[in-house]
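One structure is given below, encoded as structure tokens.
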Amino acid sequence: MNRIVPRGMSRRHFMRHLAGASAVALPAMSLTNALHANAADLKQRRKSAILLWMGGGPSTIDLWDLKPGAATGGPFNPISTSGDVQICEHLPMIARQMHNLAIVRSMSTREADHSRGRYFMHTGYAPNPNVEHPSYGSVISHELLEQRPDLEIPPFVAVGGGSVGPGFLGMTWAPFVVNSNGDIKNLKMGLDQDRLLRRMQTLSLVEKGFIEQARGSAATDHAKVLNKTLSLMTSEQMNAFKVRQEPQSVQERYGTNNFGRGCLMARRLVEAGVPFVEVDLGGWDNHNNIFPTLQDDKLPTLDRAMSALLEDLEQREILQDTAVVWMGEFSRTPRINGNSGRDHWARAWSVVMGGAGMQGGIAVGSTNADGTGVDTEPYSSQDVMATVCRALGISLETTFTSKNGRPMKIANGGKIIRELFS
């Protein structure tokens, strides 16, 4: 995206001009400064979360909780890792990062429909026609934004997919959707730069007149949106989206595909101060020929990108402040169907979590011998969210009020997965 600088007027001058309409001056912070913030400063001020979303329902019995020798086990073998767990042989690079990750193997939920499961795993609530609940990204960015007084770019970024919306928190907390090349949906520069800036200058003057006449809050609110839009369009922090600025060797280490670039962008966005980033890797609805699909496509893509992300976060001393969560809406049946695939299964499956002080290298809970059920304490979506909040220092006593006046406790009152903090 090209920076917009009007003739005869510096960016700072124009931003001050717009700030006069809303009485808000947005401070500038370069990406360079953000990327070079020291580790102690990050730890004190800036917690973040990265959600790796596996749309379609990944087969966790073939990735994280293998059942060798069982009729339900499939052809893949388990391998040892840098932690005290074993995972799929086709994830060798992630295996070297498992000291940073924990596998929650006793997930048990009730939503085995894609749409309902996606909503539930993003919000902690089952769909309700009377209430639109905010997604984890909206909630976490809402709670952590105060740590970022200098952030000019959106606090919740969804890469490669639209995520779930902000619900009753309002559009301020909606996901900012980009593709893996950093192209931003609904932000196209169709006008000549000078014409666009002149129009915005005129609009700001009109709004200032309305504000001075005390005609209510609408003009003031709109002026703030205008100010924020200009800040976004001209901010140096927008460079965080430009993954192709990275050395070619780094891009190749993550993988030159959409998910690889998305994970690289997530690292850059967290370094720039974004509190919540979601990266989408769809294509896990494997009702047919699941094992060639996993071995030849999904697992190599996941292995390269996720391992590179964890390696970089750890080496840059950011992982200690960044929660990383890998999950989909549910998993696949232990039984292999007649099309050599697995169907929808929410009764017993796995989520992977790490970073932000959570214990790595362990498995929490277990499933039975054939993977058809959980034989330890079960965990659900709201427990994952409560655990992430605990890791990020967000109080579980936080309560929101929905548009119909109902109190909504953060994480839907979920319980913390204690083993991750022992």
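The values are calculated or read from the model by the stated rules, or taken from the named source; none is laboratory data. Keep in mind that what you see is a predicted model, and the values were worked out from it rather than measured. Cβ coordinates were reconstructed from backbone atoms using ideal geometry, including for glycine residues, and neighbour counts include every protein chain displayed.
Just a yes or no: is a residue in segment 350-370 closer than 16 Å to ARG118 by Cα and either of a type outside the set (Gly, Ala, Ser) or in contact with a helix residue (DSSP H, G or I) (Cβ under 8 Å, 6 or more places away or on another chain) (or both)? Yes, segment 350-370 contains at least one residue that is closer than 16 Å to ARG118 by Cα and either of a type outside the set (Gly, Ala, Ser) or in contact with a helix residue (DSSP H, G or I) (Cβ under 8 Å, 6 or more places away or on another chain) (or both). The residues on offer are ALA214, ALA219, ALA223, and the sole one that is modelled with pLDDT under 95, among the aliphatic types (A, V, I, L, M) and assigned to a loop (DSSP other than H, G, I, E, B) is ALA214. If the condition is being under 24 Å from the mean Cα position of the chain (by Cα), farther than 30 Å from PRO175 by Cβ and free of Cβ contacts under 8 Å to residues at least 24 places away in the same chain, then segment 75-134 contributes only ALA95. Counted as qualifying within segment 1-115 are the helices (runs of 4 or more DSSP H) with 1 or more residues that are out of contact with any strand residue (DSSP E or B) (no Cβ under 9 Å at 6 or more places or on another chain), modelled with pLDDT of 50 or more and closer than 20 Å to VAL324 by Cβ, namely 39-45, 92-95. Across segment 369-421, the number of residues qualifying as touching a strand residue (DSSP E or B) at 6+ places or on another chain (Cβ under 9 Å) and either acidic (Asp, Glu) or part of a loop (DSSP other than H, G, I, E, B) (or both) comes to 20.
Only residues that are under 21 Å from the mean Cα position of the chain (by Cα), among the polar types (S, T, N, Q) and surrounded by fewer than 21 Cβ atoms within 10 Å (Cβ to Cβ) were counted across segment 383-422, and they come to 3. Scan segment 116-141 for residues that are assigned to a helix (DSSP H, G or I) and surrounded by fewer than 18 Cβ atoms within 10 Å (Cβ to Cβ) and the total you get is 1. If you check GLU329 against the conditions, is it of a type in the set (Asp, Glu), in contact with a His (Cβ under 7 Å, 6 or more places away or on another chain), assigned to a loop (DSSP other than H, G, I, E, B) and touching a residue at least 40 places away in the same chain (Cβ under 8 Å)? Here the answer is yes, as GLU329 does meet what is asked.
Here VAL351 fulfils each of the conditions (1) part of a strand (DSSP E or B); (2) over 28 Å from SER82 (Cβ atoms); (3) not polar (S, T, N, Q) apart from (2).
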